[in-house]
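Written below as C-alpha coordinates is the structure these notes are about.
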2 protein chains.
Amino acid sequence: MVERVDIKENILGKNEAFAIENKRLFEEKKLFVMNVMSSPGAGKTTFLTETIKRLKDRYKIGVIEGDVASKIDAERISRTGIPVVQVNTGGACHLDASMVRKAAEHLPLDELEIVIIENVGNLVCPAEWSLGENLKVVLLSVPEGDDKPIKYPLMFSSADVLLITKIDLLPHFNFNFKEIEKVVRGLNPSVKIIKMSSVTLEGYDEWIDELERRIKGVSCRE
Amino acid sequence: MVERVDIKENILGKNEAFAIENKRLFEEKKLFVMNVMSSPGAGKTTFLTETIKRLKDRYKIGVIEGDVASKIDAERISRTGIPVVQVNTGGACHLDASMVRKAAEHLPLDELEIVIIENVGNLVCPAEWSLGENLKVVLLSVPEGDDKPIKYPLMFSSADVLLITKIDLLPHFNFNFKEIEKVVRGLNPSVKIIKMSSVTLEGYDEWIDELERRIKGVSCRE
(Lines give C-alpha, C1' and ligand atoms only; values in the text may rest on other atoms or scores of the structure.)
Protein backbone atom coordinates (compact mmCIF):
# COMPACT_ATOMS: atom_id res chain seq x y z
CA MET A 1 0.00 0.00 0.00
CA VAL A 2 2.78 2.41 0.90
CA GLU A 3 4.39 1.94 -2.49
CA ARG A 4 1.18 2.80 -4.26
CA VAL A 5 0.68 6.01 -2.32
CA ASP A 6 4.23 7.09 -3.14
CA ILE A 7 3.72 6.48 -6.84
CA LYS A 8 0.47 8.40 -6.78
CA GLU A 9 2.03 11.35 -4.94
CA ASN A 10 4.86 11.38 -7.44
CA ILE A 11 2.45 11.46 -10.39
CA LEU A 12 0.31 14.14 -8.71
CA GLY A 13 3.45 16.19 -7.99
CA LYS A 14 4.38 16.11 -11.69
CA ASN A 15 0.82 17.13 -12.54
CA GLU A 16 1.06 20.16 -10.23
CA ALA A 17 4.16 21.33 -12.13
CA PHE A 18 2.29 21.00 -15.46
CA ALA A 19 -0.74 22.78 -13.96
CA ILE A 20 1.42 25.75 -12.91
CA GLU A 21 2.79 25.95 -16.46
CA ASN A 22 -0.78 25.87 -17.83
CA LYS A 23 -1.78 28.65 -15.45
CA ARG A 24 1.10 30.79 -16.69
CA LEU A 25 0.12 30.14 -20.32
CA PHE A 26 -3.55 30.95 -19.66
CA GLU A 27 -2.61 34.20 -17.85
CA GLU A 28 -0.26 35.22 -20.65
CA LYS A 29 -3.05 34.67 -23.20
CA LYS A 30 -5.60 36.44 -20.89
CA LEU A 31 -7.85 33.38 -20.90
CA PHE A 32 -10.51 32.48 -18.33
CA VAL A 33 -10.44 28.68 -17.96
CA MET A 34 -13.27 26.69 -16.40
CA ASN A 35 -13.09 22.98 -15.46
CA VAL A 36 -16.53 21.33 -15.47
CA MET A 37 -16.87 18.08 -13.51
CA SER A 38 -19.64 15.64 -12.50
CA SER A 39 -20.77 12.01 -12.53
CA PRO A 40 -21.57 10.49 -15.91
CA GLY A 41 -24.95 11.73 -17.09
CA ALA A 42 -25.38 14.70 -14.73
CA GLY A 43 -25.97 16.89 -17.77
CA LYS A 44 -22.59 18.57 -18.44
CA THR A 45 -22.84 18.67 -22.24
CA THR A 46 -26.43 19.94 -22.31
CA PHE A 47 -25.49 22.55 -19.68
CA LEU A 48 -22.45 23.66 -21.71
CA THR A 49 -24.43 23.87 -24.94
CA GLU A 50 -26.92 26.28 -23.29
CA THR A 51 -24.12 28.24 -21.55
CA ILE A 52 -22.21 28.66 -24.83
CA LYS A 53 -25.40 29.74 -26.61
CA ARG A 54 -25.85 32.52 -24.04
CA LEU A 55 -22.22 33.70 -24.08
CA LYS A 56 -20.92 33.24 -27.59
CA ASP A 57 -21.99 36.63 -28.95
CA ARG A 58 -20.09 38.39 -26.15
CA TYR A 59 -17.03 36.15 -25.64
CA LYS A 60 -14.79 34.09 -27.88
CA ILE A 61 -14.99 30.56 -26.49
CA GLY A 62 -13.12 27.31 -27.10
CA VAL A 63 -13.84 23.89 -25.58
CA ILE A 64 -11.69 20.91 -24.56
CA GLU A 65 -13.81 17.74 -24.32
CA GLY A 66 -12.49 14.93 -22.13
CA ASP A 67 -13.86 11.40 -22.48
CA VAL A 68 -12.52 7.91 -21.91
CA ALA A 69 -13.66 7.07 -25.46
CA SER A 70 -15.81 8.48 -28.32
CA LYS A 71 -16.27 12.00 -29.70
CA ILE A 72 -20.04 12.34 -29.36
CA ASP A 73 -19.85 15.17 -26.81
CA ALA A 74 -17.37 17.11 -28.98
CA GLU A 75 -19.73 16.71 -31.93
CA ARG A 76 -22.65 18.04 -29.85
CA ILE A 77 -20.64 21.05 -28.69
CA SER A 78 -19.24 21.80 -32.16
CA ARG A 79 -22.81 22.32 -33.40
CA THR A 80 -22.76 25.59 -31.41
CA GLY A 81 -20.18 26.81 -33.96
CA ILE A 82 -17.19 27.22 -31.64
CA PRO A 83 -13.82 25.42 -31.80
CA VAL A 84 -13.68 22.09 -29.91
CA VAL A 85 -10.83 19.66 -29.27
CA GLN A 86 -11.60 16.12 -28.15
CA VAL A 87 -9.22 14.33 -25.75
CA ASN A 88 -9.77 10.59 -25.36
CA THR A 89 -8.01 9.45 -22.21
CA GLY A 90 -7.99 5.81 -23.37
CA GLY A 91 -8.91 4.45 -19.95
CA ALA A 92 -7.88 7.20 -17.53
CA CYS A 93 -10.72 8.42 -15.31
CA HIS A 94 -9.78 12.14 -15.53
CA LEU A 95 -7.96 14.74 -17.57
CA ASP A 96 -4.52 15.79 -16.34
CA ALA A 97 -2.68 19.07 -16.87
CA SER A 98 -0.43 17.71 -19.62
CA MET A 99 -3.41 16.39 -21.62
CA VAL A 100 -5.03 19.83 -21.32
CA ARG A 101 -1.83 21.54 -22.47
CA LYS A 102 -1.59 19.33 -25.55
CA ALA A 103 -5.27 19.87 -26.36
CA ALA A 104 -4.98 23.65 -25.83
CA GLU A 105 -2.26 23.79 -28.49
CA HIS A 106 -4.94 22.74 -31.01
CA LEU A 107 -7.20 25.70 -30.09
CA PRO A 108 -6.68 29.23 -31.50
CA LEU A 109 -5.68 30.52 -28.03
CA ASP A 110 -4.68 34.00 -29.22
CA GLU A 111 -8.23 34.59 -30.47
CA LEU A 112 -10.06 33.19 -27.41
CA GLU A 113 -11.24 34.68 -24.10
CA ILE A 114 -12.77 31.63 -22.41
CA VAL A 115 -11.69 27.99 -22.50
CA ILE A 116 -14.18 25.47 -21.11
CA ILE A 117 -12.86 22.03 -20.15
CA GLU A 118 -15.48 19.28 -19.91
CA ASN A 119 -13.78 16.67 -17.74
CA VAL A 120 -14.38 12.89 -17.80
CA GLY A 121 -17.67 11.95 -16.11
CA ASN A 122 -16.45 10.90 -12.67
CA LEU A 123 -17.04 12.13 -9.10
CA VAL A 124 -13.70 10.84 -7.79
CA CYS A 125 -10.59 11.19 -9.98
CA PRO A 126 -10.95 14.65 -11.58
CA ALA A 127 -11.08 16.29 -8.12
CA GLU A 128 -7.42 15.41 -7.52
CA TRP A 129 -5.98 16.73 -10.77
CA SER A 130 -5.39 20.44 -11.08
CA LEU A 131 -5.47 21.62 -14.69
CA GLY A 132 -4.37 25.23 -14.13
CA GLU A 133 -7.99 26.43 -14.35
CA ASN A 134 -9.55 29.61 -12.85
CA LEU A 135 -12.86 28.02 -11.87
CA LYS A 136 -13.96 24.54 -10.81
CA VAL A 137 -17.65 23.92 -11.54
CA VAL A 138 -19.29 20.73 -10.23
CA LEU A 139 -22.71 19.49 -11.38
CA LEU A 140 -24.82 17.18 -9.23
CA SER A 141 -28.12 16.03 -10.76
CA VAL A 142 -31.23 15.40 -8.68
CA PRO A 143 -31.55 11.73 -9.82
CA GLU A 144 -28.09 10.96 -8.35
CA GLY A 145 -29.36 11.63 -4.83
CA ASP A 146 -28.59 14.09 -2.04
CA ASP A 147 -26.05 11.81 -0.31
CA LYS A 148 -23.27 12.33 -2.87
CA PRO A 149 -21.34 15.11 -1.04
CA ILE A 150 -20.96 12.82 2.00
CA LYS A 151 -19.75 9.96 -0.17
CA TYR A 152 -17.46 11.94 -2.51
CA PRO A 153 -16.28 14.80 -0.27
CA LEU A 154 -13.14 15.88 -2.18
CA MET A 155 -15.09 16.80 -5.32
CA PHE A 156 -17.50 18.97 -3.34
CA SER A 157 -14.87 20.53 -1.07
CA SER A 158 -12.81 21.69 -4.06
CA ALA A 159 -15.68 23.18 -6.12
CA ASP A 160 -15.99 26.95 -6.60
CA VAL A 161 -19.53 26.60 -7.94
CA LEU A 162 -21.94 23.70 -7.36
CA LEU A 163 -24.83 23.41 -9.81
CA ILE A 164 -27.72 21.19 -8.74
CA THR A 165 -29.08 20.11 -12.13
CA LYS A 166 -32.29 18.47 -13.44
CA ILE A 167 -34.39 20.18 -10.75
CA ASP A 168 -37.45 19.75 -13.00
CA LEU A 169 -37.32 16.11 -11.83
CA LEU A 170 -37.70 17.03 -8.13
CA PRO A 171 -41.32 15.73 -7.89
CA HIS A 172 -40.00 12.21 -8.63
CA PHE A 173 -37.22 12.14 -6.02
CA ASN A 174 -36.74 12.53 -2.31
CA PHE A 175 -34.01 15.18 -2.58
CA ASN A 176 -33.37 17.39 0.44
CA PHE A 177 -31.85 20.77 -0.56
CA LYS A 178 -31.47 22.02 3.03
CA GLU A 179 -29.56 18.90 4.06
CA ILE A 180 -27.27 18.94 1.01
CA GLU A 181 -26.56 22.63 1.44
CA LYS A 182 -25.62 22.04 5.09
CA VAL A 183 -23.26 19.19 4.18
CA VAL A 184 -21.64 21.05 1.28
CA ARG A 185 -21.17 24.26 3.32
CA GLY A 186 -19.56 22.14 6.05
CA LEU A 187 -17.02 20.89 3.51
CA ASN A 188 -16.71 24.13 1.61
CA PRO A 189 -18.09 27.33 3.22
CA SER A 190 -17.41 29.63 0.23
CA VAL A 191 -18.99 27.50 -2.53
CA LYS A 192 -21.72 29.13 -4.63
CA ILE A 193 -24.73 26.80 -5.03
CA ILE A 194 -27.24 27.28 -7.89
CA LYS A 195 -30.30 25.16 -8.70
CA MET A 196 -30.79 24.58 -12.42
CA SER A 197 -32.82 22.84 -15.08
CA SER A 198 -31.90 22.52 -18.74
CA VAL A 199 -35.57 21.73 -19.46
CA THR A 200 -37.22 24.77 -17.82
CA LEU A 201 -33.97 26.86 -18.00
CA GLU A 202 -34.48 27.83 -14.34
CA GLY A 203 -31.20 28.98 -12.79
CA TYR A 204 -29.41 29.86 -16.06
CA ASP A 205 -29.70 33.64 -15.56
CA GLU A 206 -28.21 33.30 -12.08
CA TRP A 207 -25.43 31.02 -13.38
CA ILE A 208 -24.49 33.34 -16.27
CA ASP A 209 -24.41 36.33 -13.86
CA GLU A 210 -22.17 34.38 -11.48
CA LEU A 211 -19.86 33.27 -14.30
CA GLU A 212 -19.51 36.79 -15.70
CA ARG A 213 -18.78 38.10 -12.20
CA ARG A 214 -15.99 35.49 -11.92
CA ILE A 215 -14.66 36.27 -15.41
CA LYS A 216 -14.50 40.00 -14.57
CA GLY A 217 -12.98 39.21 -11.17
CA VAL A 218 -10.07 37.50 -12.83
CA SER A 219 -9.61 40.44 -15.21
CA CYS A 220 -9.68 42.92 -12.28
CA ARG A 221 -6.85 41.10 -10.52
CA GLU A 222 -4.60 41.46 -13.57
CA MET B 1 3.43 8.90 -20.39
CA VAL B 2 5.23 5.58 -20.90
CA GLU B 3 6.36 5.58 -17.29
CA ARG B 4 2.82 6.02 -16.04
CA VAL B 5 1.49 3.14 -18.12
CA ASP B 6 4.23 0.87 -16.74
CA ILE B 7 3.37 1.75 -13.16
CA LYS B 8 -0.29 1.14 -13.83
CA GLU B 9 0.38 -2.25 -15.44
CA ASN B 10 2.55 -3.20 -12.51
CA ILE B 11 -0.17 -2.31 -9.99
CA LEU B 12 -2.83 -4.08 -12.08
CA GLY B 13 -0.55 -7.15 -12.31
CA LYS B 14 -0.28 -7.29 -8.52
CA ASN B 15 -4.04 -6.93 -8.31
CA GLU B 16 -4.53 -9.91 -10.63
CA ALA B 17 -2.44 -12.06 -8.27
CA PHE B 18 -4.57 -10.98 -5.28
CA ALA B 19 -7.75 -11.61 -7.32
CA ILE B 20 -6.65 -15.17 -8.08
CA GLU B 21 -6.06 -15.74 -4.35
CA ASN B 22 -9.53 -14.34 -3.60
CA LYS B 23 -11.06 -16.65 -6.20
CA ARG B 24 -9.39 -19.65 -4.53
CA LEU B 25 -10.64 -18.57 -1.11
CA PHE B 26 -14.20 -18.03 -2.40
CA GLU B 27 -14.21 -21.45 -4.13
CA GLU B 28 -12.87 -23.15 -1.01
CA LYS B 29 -15.66 -21.56 1.05
CA LYS B 30 -18.25 -22.38 -1.68
CA LEU B 31 -19.22 -18.71 -1.96
CA PHE B 32 -20.91 -17.00 -4.90
CA VAL B 33 -19.44 -13.51 -5.15
CA MET B 34 -21.05 -10.67 -7.11
CA ASN B 35 -19.40 -7.32 -7.89
CA VAL B 36 -21.97 -4.53 -8.41
CA MET B 37 -20.80 -1.45 -10.31
CA SER B 38 -22.30 1.79 -11.68
CA SER B 39 -22.05 5.60 -11.74
CA PRO B 40 -22.79 7.40 -8.48
CA GLY B 41 -26.53 7.50 -7.92
CA ALA B 42 -27.60 4.81 -10.40
CA GLY B 43 -29.44 3.07 -7.56
CA LYS B 44 -27.05 0.31 -6.40
CA THR B 45 -27.93 0.43 -2.70
CA THR B 46 -31.70 0.52 -3.26
CA PHE B 47 -31.34 -2.34 -5.77
CA LEU B 48 -29.28 -4.39 -3.31
CA THR B 49 -31.71 -3.78 -0.44
CA GLU B 50 -34.59 -5.18 -2.55
CA THR B 51 -32.42 -8.06 -3.86
CA ILE B 52 -31.37 -9.04 -0.32
CA LYS B 53 -34.98 -8.86 0.88
CA ARG B 54 -35.98 -11.36 -1.82
CA LEU B 55 -33.06 -13.76 -1.21
CA LYS B 56 -32.27 -13.68 2.49
CA ASP B 57 -34.71 -16.41 3.55
CA ARG B 58 -33.13 -18.82 1.05
CA TYR B 59 -29.44 -17.85 1.11
CA LYS B 60 -27.00 -16.64 3.77
CA ILE B 61 -25.69 -13.34 2.45
CA GLY B 62 -22.91 -10.96 3.47
CA VAL B 63 -22.08 -7.56 1.94
CA ILE B 64 -18.87 -5.59 1.38
CA GLU B 65 -19.64 -1.89 0.88
CA GLY B 66 -17.07 0.20 -0.97
CA ASP B 67 -17.12 3.99 -0.75
CA VAL B 68 -14.56 6.75 -0.99
CA ALA B 69 -15.87 8.05 2.35
CA SER B 70 -18.84 7.61 4.77
CA LYS B 71 -20.72 4.53 5.94
CA ILE B 72 -24.26 5.54 4.99
CA ASP B 73 -24.68 2.75 2.41
CA ALA B 74 -23.46 0.14 4.91
CA GLU B 75 -25.97 1.44 7.44
CA ARG B 76 -28.79 1.19 4.87
CA ILE B 77 -27.83 -2.38 3.96
CA SER B 78 -27.39 -3.47 7.59
CA ARG B 79 -31.06 -2.63 8.22
CA THR B 80 -31.85 -5.76 6.16
CA GLY B 81 -30.35 -7.73 9.06
CA ILE B 82 -27.37 -9.26 7.26
CA PRO B 83 -23.64 -8.79 8.04
CA VAL B 84 -22.01 -5.80 6.29
CA VAL B 85 -18.40 -4.58 6.21
CA GLN B 86 -17.66 -1.02 5.07
CA VAL B 87 -14.45 -0.30 3.15
CA ASN B 88 -13.54 3.37 2.78
CA THR B 89 -10.99 3.70 0.00
CA GLY B 90 -9.87 7.12 1.25
CA GLY B 91 -9.67 8.63 -2.22
CA ALA B 92 -9.30 5.62 -4.52
CA CYS B 93 -11.98 5.41 -7.21
CA HIS B 94 -12.48 1.63 -6.96
CA LEU B 95 -12.08 -1.40 -4.72
CA ASP B 96 -9.10 -3.64 -5.39
CA ALA B 97 -8.67 -7.36 -4.66
CA SER B 98 -6.57 -6.81 -1.53
CA MET B 99 -9.18 -4.43 -0.02
CA VAL B 100 -11.84 -7.08 -0.69
CA ARG B 101 -9.68 -9.77 0.93
CA LYS B 102 -9.19 -7.70 4.08
CA ALA B 103 -12.90 -6.86 4.24
CA ALA B 104 -13.91 -10.51 3.66
CA GLU B 105 -11.90 -11.52 6.74
CA HIS B 106 -14.39 -9.49 8.81
CA LEU B 107 -17.37 -11.47 7.44
CA PRO B 108 -18.41 -14.90 8.81
CA LEU B 109 -17.38 -16.59 5.52
CA ASP B 110 -17.91 -20.17 6.75
CA GLU B 111 -21.58 -19.38 7.38
CA LEU B 112 -22.26 -17.53 4.10
CA GLU B 113 -23.34 -18.61 0.62
CA ILE B 114 -23.36 -15.27 -1.22
CA VAL B 115 -21.07 -12.25 -0.86
CA ILE B 116 -22.22 -9.06 -2.56
CA ILE B 117 -19.62 -6.36 -3.20
CA GLU B 118 -21.01 -2.86 -3.80
CA ASN B 119 -18.15 -1.10 -5.56
CA VAL B 120 -17.35 2.64 -5.49
CA GLY B 121 -19.77 4.64 -7.69
CA ASN B 122 -17.71 5.06 -10.84
CA LEU B 123 -18.09 4.03 -14.51
CA VAL B 124 -14.34 4.00 -15.19
CA CYS B 125 -11.98 2.62 -12.53
CA PRO B 126 -13.82 -0.43 -11.12
CA ALA B 127 -13.93 -2.02 -14.60
CA GLU B 128 -10.17 -2.53 -14.57
CA TRP B 129 -9.86 -4.17 -11.14
CA SER B 130 -10.69 -7.84 -10.87
CA LEU B 131 -11.78 -8.81 -7.34
CA GLY B 132 -11.99 -12.59 -7.81
CA GLU B 133 -15.77 -12.40 -8.25
CA ASN B 134 -18.10 -14.85 -10.06
CA LEU B 135 -20.41 -12.22 -11.54
CA LYS B 136 -20.00 -8.61 -12.66
CA VAL B 137 -23.28 -6.68 -12.54
CA VAL B 138 -23.42 -3.16 -14.01
CA LEU B 139 -26.31 -0.74 -13.40
CA LEU B 140 -27.08 2.10 -15.81
CA SER B 141 -29.93 4.40 -14.81
CA VAL B 142 -32.24 6.04 -17.35
CA PRO B 143 -31.40 9.62 -16.17
CA GLU B 144 -27.70 9.06 -17.02
CA GLY B 145 -28.53 8.77 -20.72
CA ASP B 146 -28.24 6.12 -23.41
CA ASP B 147 -24.81 7.28 -24.64
CA LYS B 148 -22.87 5.87 -21.67
CA PRO B 149 -21.78 2.53 -23.24
CA ILE B 150 -20.12 4.45 -26.11
CA LYS B 151 -18.32 6.75 -23.67
CA TYR B 152 -17.32 4.14 -21.05
CA PRO B 153 -16.89 0.98 -23.16
CA LEU B 154 -14.72 -1.08 -20.79
CA MET B 155 -17.35 -1.17 -18.04
CA PHE B 156 -20.02 -2.38 -20.46
CA SER B 157 -17.78 -4.85 -22.29
CA SER B 158 -16.81 -6.58 -19.04
CA ALA B 159 -20.32 -6.87 -17.53
CA ASP B 160 -22.03 -10.26 -17.22
CA VAL B 161 -25.39 -8.62 -16.48
CA LEU B 162 -26.46 -5.07 -17.36
CA LEU B 163 -29.42 -3.70 -15.42
CA ILE B 164 -31.09 -0.61 -16.88
CA THR B 165 -32.51 1.00 -13.73
CA LYS B 166 -35.09 3.70 -12.93
CA ILE B 167 -37.19 2.79 -15.99
CA ASP B 168 -40.21 4.36 -14.25
CA LEU B 169 -38.60 7.68 -15.28
CA LEU B 170 -38.67 6.84 -19.01
CA PRO B 171 -41.48 9.33 -19.81
CA HIS B 172 -39.13 12.18 -18.75
CA PHE B 173 -36.13 11.16 -20.86
CA ASN B 174 -35.22 10.50 -24.44
CA PHE B 175 -33.71 7.07 -23.82
CA ASN B 176 -33.41 4.67 -26.76
CA PHE B 177 -33.39 1.02 -25.62
CA LYS B 178 -32.89 -0.41 -29.13
CA GLU B 179 -29.85 1.77 -29.72
CA ILE B 180 -28.26 1.02 -26.36
CA GLU B 181 -28.87 -2.70 -26.76
CA LYS B 182 -27.20 -2.61 -30.19
CA VAL B 183 -24.15 -0.76 -28.83
CA VAL B 184 -23.80 -2.98 -25.75
CA ARG B 185 -24.20 -6.20 -27.78
CA GLY B 186 -21.50 -4.91 -30.15
CA LEU B 187 -19.13 -4.56 -27.18
CA ASN B 188 -20.32 -7.64 -25.35
CA PRO B 189 -22.47 -10.17 -27.26
CA SER B 190 -23.17 -12.46 -24.27
CA VAL B 191 -24.32 -9.82 -21.75
CA LYS B 192 -27.76 -10.32 -20.18
CA ILE B 193 -29.76 -7.05 -20.20
CA ILE B 194 -32.69 -6.50 -17.81
CA LYS B 195 -34.88 -3.38 -17.47
CA MET B 196 -35.73 -2.55 -13.85
CA SER B 197 -37.42 -0.11 -11.53
CA SER B 198 -37.07 -0.03 -7.75
CA VAL B 199 -40.27 2.05 -7.63
CA THR B 200 -42.60 -0.25 -9.60
CA LEU B 201 -40.40 -3.36 -8.95
CA GLU B 202 -40.61 -4.20 -12.66
CA GLY B 203 -37.75 -6.49 -13.67
CA TYR B 204 -36.96 -7.86 -10.18
CA ASP B 205 -38.50 -11.30 -10.83
CA GLU B 206 -36.44 -11.63 -14.01
CA TRP B 207 -33.29 -10.45 -12.21
CA ILE B 208 -33.72 -12.87 -9.28
CA ASP B 209 -34.32 -15.77 -11.73
CA GLU B 210 -31.18 -14.81 -13.64
CA LEU B 211 -29.12 -14.51 -10.44
CA GLU B 212 -30.28 -17.88 -9.11
CA ARG B 213 -29.51 -19.49 -12.48
CA ARG B 214 -25.97 -18.06 -12.21
CA ILE B 215 -25.60 -19.15 -8.57
CA LYS B 216 -26.66 -22.69 -9.47
CA GLY B 217 -24.43 -22.66 -12.55
CA VAL B 218 -21.43 -22.02 -10.36
CA SER B 219 -22.45 -24.80 -7.98
CA CYS B 220 -22.92 -27.24 -10.88
CA ARG B 221 -19.37 -26.72 -12.08
CA GLU B 222 -17.95 -27.69 -8.69
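The values are calculated or read from the model by the stated rules, or taken from the named source; none is laboratory data. Here the structure is a predicted model, which means the values were calculated and not measured. For neighbour counting, all protein chains shown are included, and Cβ atoms are generated from backbone atoms with ideal geometry for every residue, glycine included. Heads up: the accessible areas ignore ligands, DNA and RNA and are worked out on the full protein's heavy atoms, side chains in. Shrake-Rupley method; radii C 1.70, N 1.55, O 1.52, S 1.80 Å.
Mean residue ellipticity at 222 nm from the helices of the protein assembly as shown, using -39,500 (n - 2.57) per DSSP H segment of n ≥ 4 over the full residue count, to the nearest 500 deg cm²/dmol?
The helix-only estimate for the protein assembly as shown comes to -12500 deg cm²/dmol at 222 nm.
Could you pull out the GluC sites (Glu not before Pro) across the stretch B:170-221 that fall in loop regions by DSSP (anything but H, G, I, E, B) with no more than 16 other Cβ atoms inside 10 Å?
B:202
For the stretch B:79-132, take N as its residue count and report Rg(C-alpha) divided by 2.2 N^0.38 Å.
In units of the globular-protein estimate, the stretch B:79-132 measures up at 1.18.
Could you give the Stokes-Einstein D for the stretch B:176-219 in µm² per second, using the C-alpha Kirkwood radius, 10 °C, 1.306 mPa s?
Answer from the Stokes-Einstein relation: 133 µm²/s.
Order the following by accessible area, largest value first: B:70, B:197. Probe radius 1.4 Å; ligands, DNA and RNA are ignored.
Largest accessible area first, the residues go B:70, B:197.
Can you list the distances in nanometres, one decimal and ascending, from the residue A:79 label point to the identical position in each other copy, with the point 7 Å along Cα to Cβ?
4.2
Provide the per residue accessible area, probe 1.4 Å, for chain B, rounded to a whole number of square angstrom.
Using a 1.4 Å probe on heavy atoms only, each residue of chain B averages 43 Å².
Return the Rg/Rh ratio of the protein assembly as shown with Cα-based radii and a Kirkwood Rh.
0.97
What Kirkwood Rh does chain A have if only Cα atoms enter the pairwise 1/r average? Answer in Å.
17.8 Å
To one decimal in nm, how far is residue A:11 from the same spot in the other copies, if labels go 7 Å from Cα toward Cβ? Please give the shortest first.
Those separations, rounded to one decimal, come out as 0.4 nm.
With respect to the symmetry axis carrying chain A onto chain B, which residue of chain A exhibits the smallest Cβ distance to that axis, and what is the value in whole Å?
Smallest Cβ distance to the axis, with its residue: A:143, 2.
How many angstrom lie between the C-alpha centres of the stretch B:76-103 and the stretch B:25-62?
If you average the Cα positions of each part, the centres end up 12 Å apart.
Which value, in Å² rounded to 10, gives the accessible area of residue A:106 with a 1.4 Å probe and all protein chains present?
Surface accessible to solvent at residue A:106 totals approximately 140 Å².
Roughly how compact is the stretch B:26-117, stated as its Cα Rg over 2.2 N^0.38 Å to two decimals?
Normalised Cα radius of gyration, the stretch B:26-117: 1.02.
For label points placed 7 Å from Cα toward Cβ, what is the shortest-first list of nm distances from residue A:105 to its copies?
4.8
Do you know the Lys pair count in the stretch B:99-216 for C-alpha distances under 25 Å, with sequence separation 8 or more or different chains?
Close lysine pairs under the 25 Å cut-off: 29.
Across 10 Å bins from 0, what is the distribution of all Cα-Cα pair distances for the stretch A:63-157, in whole percents?
Result returned by the calculation: 15, 45, 32, 8, 0.
Give me the percent of the accessible area of the protein assembly as shown that comes from carbon and sulfur atoms, probe 1.4 Å, all protein chains in place.
Whole-percent figure for carbon plus sulfur exposure: 52.
Return the tail of the calculated pair distribution for the stretch A:108-222, meaning the percent of Cα-Cα pairs more than 19 Å apart.
In whole percent, the share of Cα-Cα pairs in the stretch A:108-222 beyond 19 Å is 51.
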